[in-house]
Amino acid sequence: MHSVRIFFFLLISLPSFAQNDRRVVDSLVLEHPNSTQKVEKKRVAITIDDVPNTRSFEENGYQSKLLHLLDSAKVPVTIFINEGKLDYGKKRKNVKLLEDWIERPFVTPANHTFGHSRYSAVGFDEFVEDIENGEELTASLAAKHNKNLRYFRFPYNDLGKDSAQQVQMQKFLSDNHYISTPFTIETSDWMFSAVYDRYLEKGDKEKAKEIGRMYVAETIRTFAFFDSLMRHQYGRSVNQIYLCHDNKLNEDYLSELLLGLEMEGYAFIDLDEAMRDEVYHQEDNYWKKWGISWCYRWMKPSERRSTMMKEPNLGGIEDRYHKEMEEK
Ligand SMILES: [Zn+2]
């Protein structure tokens, strides 16, 4: 159902994409000659962290390019909000931006703390305060638009430094009617975005474009990796949850990524539907603070490390990121 909309959107709403970058679509088609054959549907929920990007909003003359893109694509998304971001620039306009996001029928609003603190570093009391501050405005805007605030995601997916800290916070969340939100796939889009921004700052549009395309290609490759991992573990494709951010890279390349995923046979579902998959009803047996995929958390520790080593290396973006940041 979303397929037609995305295609339509790409062809009519992005003339620069349709004309100048038409070869991207052509190359995707050529690379996937079987894309029209009927294949088993794979499913993914798109989740976007660190919303709203008020910095980009101001730079774009108080337009949210990402929200406009999603208006056309009509893909369901869950947004993880940091209310602290409203304090950047013009607060009144930023609050309106937040409401613009929340009121969209395809958007599920969720809490990501006020100030994006790291739980293992700040401890229980300070983190609870950050959660509570993070819902002040969001809860009332959600209620105004007949939505619930049920999902929470830990910044950095840092669930706590050890089992005691993790159990303590999980209890707080469930007592307060929050669901701790997992993810299965992420591809360090924040790192691609930082390098992308850097090239644009330097006026090197070609290199920026190269990074954007690399993000799309490497993310699709990583989806294939996790799908094959889950098929190996469970004998089937599972409902995936993709984590990305409200950043400039996604403003410019999320549409291409959605198109590519669709050509790989993915249908876009909302988070409620994704979480109905029974894989999400099993125990997370990982007690460290690192923000690894839930696909790894469900594994036996003995399998985990060797499997993680096989994950695609994202085209070496990490090295480019460090090089660009050092030069800055
Ligand atoms: Zn975040």
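Being surrounded by 15 or more Cβ atoms within 10 Å (Cβ to Cβ) and more than 16 Å from the ligand (Cβ to nearest atom): is that true of residue 77 here? Criteria not met by residue 77.
Within segment 190-198, one or more residues are buried (at least 20 other Cβ atoms within 10 Å of the Cβ), within 28 Å of residue 253 (Cα to Cα), away from the ligand (no atom under 15 Å from the Cβ) and of a type in the set (Val, Ile, Thr).
Considering segment 112-141, and only residues there that are crowded, with 18+ Cβ neighbours inside 10 Å and acidic (Asp, Glu), the residue that is nearest to the ligand (Cβ to nearest atom) turns out to be 130.
Scanning segment 309-328 for residues that are free of Cβ contacts under 8 Å to residues at least 24 places away in the same chain and of a type in the set (A, V, I, L, M) yields a single hit, 309. Here residue 98 meets each of (1) more than 17 Å from residue 244 (Cα to Cα); (2) more than 16 Å from the ligand (Cβ to nearest atom); (3) crowded, with 17+ Cβ neighbours inside 10 Å; (4) without any contact (Cβ under 8 Å) to a residue 60 or more places away in the chain with one exception, condition (2).
Every read-out reported here was derived from the displayed coordinates using simple, explicitly stated rules and does not represent laboratory data. A quick note: this is a predicted structure, and the numbers were derived from the prediction, not measured. Using ideal geometry, Cβ is built from the backbone for each residue, glycine included, and neighbour counts are taken over all protein chains shown.
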